[in-house]
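The values are calculated or read from the model by the stated rules, or taken from the named source; none is laboratory data. It should be emphasised that the depicted structure is a prediction, and the values quoted were computed from it without experimental measurement. We place every Cβ from the backbone using ideal geometry, glycine too, and count neighbours over all the protein chains shown.
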Amino acid sequence: MSPPASRSRLGAEFDAFLFAPIGQDRNGLTLSVVSLLGRMDLDPWQEAAKLAGLPAEIAAQKLATLLAAQSDPSLKPADAGRMAIRLIAQLPGRPAADLGSLGAPRIRGVVHPRVLMTAILFVIWTIWLLGMPATDPPDVPTHTDSAHAPAPLTAPSPVRPILSGK
């Protein structure tokens, strides 16, 4: 089997990136970037060349999106952003300092269900908490039955001394 024409034109400078492992499939076979791109019907060497020509942050975002868009859920990495940064560092001409300042790239349109559920529950809990009264309301009788109503408070009458002395 002869190598694809695009590989022979681009050379081996992308081999470290393309053959970097990204996980294992159901059969225990190692999945690499080249196999991921091939499964997506993309030319691996052309995609590697495109990513190498992009700024590091944009390249990491694009690769993270590709990693998260895999059709096999068992192959999706837990943190596609970090994996993308690690893989982009394998491209030629990428010094480690270029990628060290990047955080995990944001993946547009892809939100992990657990993160979404946690955020929704937090918002519901916060709304519930804000709706709670700060203290218990005072006990105020609400009935108007005058027979059982407490007597009104009045000031005590002054006590007069009893004088005996005739």
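Among the candidates Arg106, Arg114, the residue that is over 13 Å from Ala56 (Cβ atoms), in a helix (DSSP H, G or I) and at pLDDT below 80 is uniquely Arg114. How many residues are surrounded by fewer than 18 Cβ atoms within 10 Å (Cβ to Cβ) and in contact with a strand residue (DSSP E or B) (Cβ under 9 Å, 6 or more places away or on another chain) when one looks only at the range 39-71? Going through the range 39-71 one residue at a time, the tally reaches 1. The residues in the range 50-93 that are at pLDDT below 85 and among the charged types (D, E, K, R) can be counted, and the count is 3. Checked against (1) among the acidic types (Asp, Glu); (2) out of contact with any helix residue (DSSP H, G or I) (no Cβ under 8 Å at 6 or more places or on another chain); (3) modelled with pLDDT of 85 or more, Glu47 passes all but a single condition, namely (2). Gln70 falls short on exactly one of the conditions (1) in a helix (DSSP H, G or I); (2) under 19 Å from the mean Cα position of the chain (by Cα), and that condition is (1). Taking the criterion of being part of a loop (DSSP other than H, G, I, E, B) and at pLDDT 85 or above, the residues of the range 1-31 that qualify are Glu13, Phe14, Phe19, Ala20.
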